[in-house]
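Participant: Below you'll find the structure I mean.
The values are calculated or read from the model by the stated rules, or taken from the named source; none is laboratory data. These numbers were taken from a predicted model, which means no experiment stands behind them. Backbone-built Cβ (ideal geometry, glycine too); neighbour counts: all protein chains shown. Accessible surface is based on the protein model in full, side chains and every heavy atom, while ligands, DNA and RNA are left aside. Shrake-Rupley method; radii C 1.70, N 1.55, O 1.52, S 1.80 Å.
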Amino acid sequence: MGLDNLAASEMPLGPGADMQSGKLDTGVSPPSSTIVHRRPDGPNDRRTSLKVGDALCLSGGAYRAMLFHLGTLWRLNDAGRLTTLKMISSVSGGSITAGVLALAFPDLDVDADGVARNFRSLVAEPIMAMARRTIDWQAGTGRHAGDGA
């Protein structure tokens, strides 16, 4: 199977990759572990409707991931890039942060520079409040471990 029919989004990255033409330079081949897919042919193929643009993946890692990803979103917002994302994918702790953002997204007040002026109140503060609360229970008391004796 030749590499000429690859979609740009399926192109193996690395030396020799030319994402504009969708071709590899002569003499460069994908590693043997790379799975190469042909460009979808039919108009009903789901891959023909992929969105072009920036995407963000928020990984797992529980509490620490939730807070780390809050910092990532906050910086993207400050740079005016958060609202330009076409897709966000997440798992585990990253999904907590992504979920809070998804709920707040319709209400974000975005200025001309692409910065959501109410990001702190709608996204950051709810996540930080959640981070301050423990879910640990004291055995036999029916109270949260942080509620005192």
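Participant: Condition first: touching a Lys or Arg at 6+ places or on another chain (Cβ under 8 Å) and part of a strand (DSSP E or B). Now tell me which residues in segment 79-108 satisfy that.
Facilitator: Passing the criteria: only MET87.
Participant: Here is a further query. Sort through LEU70, LEU108, LEU76 and tell me the only one that's modelled with pLDDT of 95 or more, in contact with a strand residue (DSSP E or B) (Cβ under 6 Å, 6 or more places away or on another chain) and of a type outside the set (Asp, Glu).
Facilitator: From the options LEU70, LEU108, LEU76, the qualifying one is LEU108.
Participant: For SER121, state whether it is at pLDDT 95 or above, open to solvent by less than 90 Å² (accessible area, probe 1.4 Å) and either of a type in the set (Gly, Ala, Ser) or in contact with a Phe, Trp or Tyr (Cβ under 7 Å, 6 or more places away or on another chain) (or both).
Facilitator: Numbers: at pLDDT 95 or above: yes; open to solvent by less than 90 Å² (accessible area, probe 1.4 Å): yes; either of a type in the set (Gly, Ala, Ser) or in contact with a Phe, Trp or Tyr (Cβ under 7 Å, 6 or more places away or on another chain) (or both): yes.
When the stated conditions are applied, SER121 passes them.
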